[in-house]
Amino acid sequence: MLYCINFTRWKLNYISSFLAEDGESIFVSSASNAVEKGFNGNSQLISWASKDHSEVDKLIAEFGIAPWYIEDGFIRSAGLGTDLTAPASLVLDKTGIYYDPNTPSDLESILQLKKFTQEELDRAEALKNSLIENELSKYNLGVSFTKESLSLKPGQRIILIPGQVEDDASIKKGCVDIDTNAALIESVRDNNNNAFLIYKPHPDVVSGNRKGKVDKQVLDAHTDLVLYDASITDCLAVVDEVHTMTSLVGFEALLRDLKVVCYGLPFYSNWGLTSDMHDLPRRSRKLVLNELIAATLIDYPRYMNWETNQLTTPEVVVQQLKEQIEKQGGKQSNQVSFLKRFSRKVMNYLTGVFLVK
């Protein structure tokens, strides 16, 4: 029996589907509610990783159990999680969680220990090429953007700074010193005075759903261009480097053979593939890119085919996202009216609560 805590109402049916092979899911609201429903030392506790852990900690203290943690995967959807869009992938970590470098995680263990076969590396290469060819990313939002719109000096390097949600768990856990978008922008400019700096705010911040807006004064002083609604895949096709705290965009940049500078400790740092401002000695192995891809996109996440309500492969999800984006006439803009965003959330909520079984 799986006791699931820290899950919002709209996610319950989704989570049940992802966990079906592990057992029946019982959703609880608190530690006492879990005990009322039969939780004991032989039960398995599962929590949404980035939620408050106070109720989880109570059960750990009383029963000495080791919880599992769930979080969104890396090829997620054509839409934001904060707009209640169904996830096509989730990760279930039985050790820690990928974005917290303070403790090991299942992903880190795979990267540190697994010996990958040539077949697995070839599959990773094919998946990488499919993602690039189909211009897919985590959320698959944003309008078209091209290099021709830039006013560049001859030979000028283009650096992308992806903004992040400043109260996000990956910032709280994965940053060492620089932990705000403004501080990151200022640091990148200090170290790259002649580069063309593009800042792209996080789509959850642009949507108004989350925290992380940068003052206009900082943007005017230190950036050359701010792209609020550009497709991240178009941005990556234009730039030479990505400088980030812990953003997944850094991983997506590695797929495209771009230089990535990490100011924090994301899961893809310290494996010999990035330029790192901080060391993590626990990660002692040097990886090739396809090993990182195989672990991150194939071994670690779970993928769901919502047409069959069965677990599937990343390749199937890539094809489904491609078809979904084509059917809707391209990637959707993230800058929409309040009414349109509200109606989008309502439809997604109703789908999650009533239609997914």
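The values are calculated or read from the model by the stated rules, or taken from the named source; none is laboratory data. Given the structure is predicted, the values throughout are model-derived calculations rather than measurements. No Cβ is skipped: glycine too gets one built from the backbone with ideal geometry, and neighbour counts run over all protein chains shown.
A few comments on the model shown:
- Which listed residue is of a type in the set (A, V, I, L, M, F, W, C) and either under 19 Å from R302 (Cβ atoms) or in contact with a Leu (Cβ under 8 Å, 6 or more places away or on another chain) (or both), from A31, A61: A31
- Some residue of the stretch 164-187 being among the polar types (S, T, N, Q), surrounded by fewer than 20 Cβ atoms within 10 Å (Cβ to Cβ) and out of contact with any strand residue (DSSP E or B) (no Cβ under 6 Å at 6 or more places or on another chain): yes
- Qualifying positions in the stretch 36-53 - in contact (Cβ under 8 Å) with a residue 24 or more places away in the chain, over 21 Å from the mean Cα position of the chain (by Cα) and surrounded by fewer than 21 Cβ atoms within 10 Å (Cβ to Cβ): K37, G38, G41, S43, Q44
- Residue count, the stretch 308-347 (criterion: loosely packed, with under 13 Cβ neighbours inside 10 Å, at pLDDT below 55 and in a loop (DSSP other than H, G, I, E, B)): 1
- Members of the stretch 266-279 that are under 24 Å from L136 (Cα atoms) and either in contact with a Gly (Cβ under 9 Å, 6 or more places away or on another chain) or at pLDDT below 95 (or both): P266, F267, Y268, S269, T274
- Scanning the stretch 54-66 for residues that are free of Cβ contacts under 8 Å to residues at least 24 places away in the same chain and either of a type in the set (D, E, K, R) or part of a loop (DSSP other than H, G, I, E, B) (or both), we see that the one that is farthest from Y14 (Cα to Cα) is G64.
- Residues (among the charged types (D, E, K, R) and buried (at least 17 other Cβ atoms within 10 Å of the Cβ)) located in the stretch 189-219: R189, K200, D204, R210
- Screening the candidates D224, D229 for the property of being among the charged types (D, E, K, R), under 30 Å from N129 (Cβ atoms) and either in contact with a Phe, Trp or Tyr (Cβ under 8 Å, 6 or more places away or on another chain) or modelled with pLDDT under 95 (or both) yields one hit, D229.
- Scope the stretch 202-219; condition closer than 17 Å to S187 by Cβ and either of a type in the set (A, V, I, L, M) or at pLDDT 95 or above (or both); matching residues: V214, Q217, V218, L219
- Hey, K286 in a helix (DSSP H, G or I) and over 18 Å from Y98 (Cβ atoms) or not: no
- Between F7, F39, the distinction of being within 18 Å of D57 (Cβ to Cβ), part of a loop (DSSP other than H, G, I, E, B), touching a helix residue (DSSP H, G or I) at 6+ places or on another chain (Cβ under 8 Å) and at pLDDT 95 or above belongs to F39 only.
- Selected residue (criterion: surrounded by the most Cβ atoms within 10 Å (Cβ to Cβ)) from residues of the stretch 230-268 that are hydroxyl-bearing (S, T, Y) and over 15 Å from the mean Cα position of the chain (by Cα): Y263
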